[in-house]
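Below is one structure, written out as structure tokens, with a few remarks after it.
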Amino acid sequence: MDDGRGRGGGSGGGGDGFITLDRVEKVFDVRRKAGFLKRERQRVRAVDSLSFTVARGEMVGYIGPNGAGKSTTIKMLTGILTPSGGRLRVAGIDPSRERTRLAHRIGVVFGQRTTLWWDLPLIDSYRLVHRMYRIPDARYRENLDRMVELLDLGDLLDVPVRQLSLGQRMRGDIAAALLHDPQVLYLDEPTIGLDVVSKTKVRAFLRELNAERATTVLLTTHDLQDIEQLCSRVMVIDHGRLMYDGPLAGLHEAGEGERTLVVDLERELPPIDAPAPARVVRVEGARQWLAFPASRSAAPIVARIAAEYPLVDLSVREPDIEAVIAKMYAGRAGRADRAAP
Amino acid sequence: MGSGRLYLAVAVGGFRRYATYRAATAAGVFTNTAFGLILVSTYLALWEARPGLGGYEQAQAVTYVWLGQALFAALAVQGGGFETELMERIRTGEVAIDLYRPADLQLWWLANDLGRSLFQLLGRGVVPFAFGVLVFPVALPRDALTWLAFLVAVVLATVVSFAIRYLVALSAFWLLDGTGVLQIMMVAGLFCSGMLLPLNVFPGTLGEVVRVLPWASLVQGPADVLLGEAGTLSTYLLQGGWAVALLAAGRLLQSAATRRVVVQGG
């Protein structure tokens, strides 16, 4: 999968795998109430025999429904959680054993949480990062200037974090995670709740970061567009297991994902005679819904309809990851393992 | 020293953070002055009826009141420092962010709390104290050394106060709701620190017990040093002893919590 952007194996990267998981497991003991004063112990396998490697400089989407084990994996990769079994290395370091040493090499952004100091101006949080990671002064200034420029933070540095909008705060958080030149960046839902403009800014920045510094990026998201625009490789996890590992297009095939074209016509008409493989799945007054495989372009279908029908408006809806994965999960039982590569 | 600069930055942040809320500070100053007035009238009546109660002259008792009001916020006698924030971070799982940073959790919050304490001593302590000194007959030492010794006692008191609240905050790793512990801490803080009534006045066994509890390091400790009622060294010993013991306990609890951490949520 590595397209050669990774510059060398990195120091102590352990072969070509910069992040290596070998049959990693995480089992939680959950205690449940089972009557008065009685507790039942239940073992929950959050991550089950998970193996993958990510090369230096790769940008990988890590997706799956809620509770699939994404965050648990990220927490193990940062060393916050200790795996119950298996072997795990990041930049040659065992995260849970050498959390502090690893901390200097990784950056983490949680979309729904902030590392910034809530009541104080943004710049104060950066000064703290400067000291915390012992970044040489010149390097700190250089990185900060760059972040300010790329993430458009100039006017925000003196604004208390609590007054920032979600998109501004997110950009602030990303900058904070990168000031110490981490080799790996974990992004947990970096575009959640952001408007289109902010999303575009964040994505453009990440693309540039990856291209320029060969920062390895592991991105969890529910937004397929994040993956589409950023990642050449995507891993799907569900029930703590790796369901798919390969390019995004392949995911749609594996999951038989379908996009939906919503068409508003001038008036109520019988179902559109759509060009294959598109087909009408629903009609409601002048509005019709057509489904077609996610791997196909919408353009020829739209062109045909526009030419033959009184088209007023239209929109395309992407399949959501949950639906794709649900299909994949259901289909997997009867099929051979199609996971690439 | 690299990490020294980090914790200094954290302390400065803690200071500036509280300095942000001017209205809250003004309200605090007003509250402490008002409470001081209420307590002072009670004390005046009490020492009128029982001169020399607890070994204090009336002027000393009055000084004690304003001292308590001046230190109330700085020492977080009833809480109101970092502990609710840390508990919330533990409850929501945000503590995960603190844990992957290359910084020590206890030192981080200690530095943060010392910064807060310094701000509150200046922002919320000085005005009520000055008011009390100007309006009421007080007994203050004249030599600078006693004042210096007093300041040292205040720093030690802040550390003890932090150590207590750190233990309380870490309990959130085991208890899903820390409200109960916080309330116990508030009551204990108010009663056992000498905030309401000097511990010297507490009778018999109760007094003997209360005077060696960690909370005695808070208001009573610095007051004793300033009023010259107890030996400076013995006060320092009590404070220092509790500071070391409680910080060590906090460290123990911290490593236990980190080991079994199942960061909630997320």
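The values are calculated or read from the model by the stated rules, or taken from the named source; none is laboratory data. What you see is a predicted model, and the numbers here were worked out from it, not measured in a lab. Methodologically, a virtual Cβ is constructed for each residue, glycine included, from the backbone with ideal geometry; neighbour enumeration extends over all protein chains shown. For the accessible areas, the whole protein counts, side chains as well, though only heavy atoms, and no ligand, DNA or RNA atoms are used. Shrake-Rupley method; radii C 1.70, N 1.55, O 1.52, S 1.80 Å.
What to note about this one:
- Residue match in the stretch B:116-125 (condition: assigned to a helix (DSSP H, G or I), open to solvent by 10 Å² or more (accessible area, probe 1.4 Å) and within 14 Å of chain A (Cβ to nearest Cβ)): yes
- Considered as a group, the residues in the stretch A:111-122 that are hydrophobic (A, V, I, L, M, F, W, C) and open to solvent by less than 20 Å² (accessible area, probe 1.4 Å) include one that is nearest to B:Ile97 (Cα to Cα), and that residue is A:Leu116.
Matching residues to (1) among the β-branched types (Val, Ile, Thr); (2) open to solvent by 50 Å² or more (accessible area, probe 1.4 Å); (3) more than 13 Å from chain A (Cβ to nearest Cβ):
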residue	(1), (2), (3)
B:Arg5	no, yes, no
B:Leu8	no, yes, no
B:Gly55	no, no, yes
B:Gln60	no, no, yes
B:Phe82	no, no, no
B:Leu107	no, yes, no
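- Matching residues, the stretch A:177-199, being farther than 22 Å from A:Val60 by Cβ and buried (at least 21 other Cβ atoms within 10 Å of the Cβ): A:Leu179
- Count - residues of the stretch A:75-95 that are more than 10 Å from every other protein chain (Cβ to nearest Cβ) and not hydrophobic (A, V, I, L, M, F, W, C): 8
- Filter result (in a loop (DSSP other than H, G, I, E, B) and surrounded by fewer than 16 Cβ atoms within 10 Å (Cβ to Cβ)) within the stretch A:276-294: A:Ala276, A:Pro277, A:Gly285, A:Ala286
- All of (1) modelled with pLDDT of 95 or more; (2) under 16 Å from the mean Cα position of the chain (by Cα) hold for B:Val209 with one exception: (2).
For every residue, the table says whether it meets (1) among the aliphatic types (A, V, I, L, M); (2) more than 14 Å from chain A (Cβ to nearest Cβ).
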site: B:Pro102; (1), (2): no, no
site: B:Val138; (1), (2): yes, yes
site: B:Ala163; (1), (2): yes, yes
site: B:Val168; (1), (2): yes, yes
site: B:Asp177; (1), (2): no, yes
site: B:Met186; (1), (2): yes, yes
site: B:Cys192; (1), (2): no, yes
site: B:Asn200; (1), (2): no, yes
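- Any hit, the stretch A:255-268, residues being in contact (Cβ under 8 Å) with a residue 60 or more places away in the chain and open to solvent by less than 40 Å² (accessible area, probe 1.4 Å): yes
- Residue list for the stretch A:148-166, restricted to those being open to solvent by 10 Å² or more (accessible area, probe 1.4 Å) and under 21 Å from the mean Cα position of the chain (by Cα): A:Leu150, A:Leu166
- Flag for A:Asp273 being in the same structural domain as A:Arg304 (by the TED database), open to solvent by 10 Å² or more (accessible area, probe 1.4 Å), over 15 Å from the mean Cα position of the chain (by Cα) and at pLDDT 90 or above: no
- Options B:Gly180, B:Gly240, B:Gly250; residue that is among the small types (Gly, Ala, Ser) and open to solvent by 30 Å² or more (accessible area, probe 1.4 Å): B:Gly180
- No other residue among B:Pro214, B:Pro203 is under 12 Å from the mean Cα position of the chain (by Cα) and either buried (at least 16 other Cβ atoms within 10 Å of the Cβ) or at pLDDT below 95 (or both) apart from B:Pro214.
- From B:Arg89, B:Arg16, residue being within 14 Å of chain A (Cβ to nearest Cβ) and touching a helix residue (DSSP H, G or I) at 6+ places or on another chain (Cβ under 6 Å): B:Arg89
- Per this entry, B:Ser234 is counted among residues that are out of contact with any Leu (no Cβ under 9 Å at 6 or more places or on another chain), more than 14 Å from chain A (Cβ to nearest Cβ) and assigned to a helix (DSSP H, G or I).
- Residue list for the stretch A:124-147, filter: more than 8 Å from every other protein chain (Cβ to nearest Cβ), open to solvent by 60 Å² or more (accessible area, probe 1.4 Å) and not in a helix (DSSP H, G or I): A:Pro136
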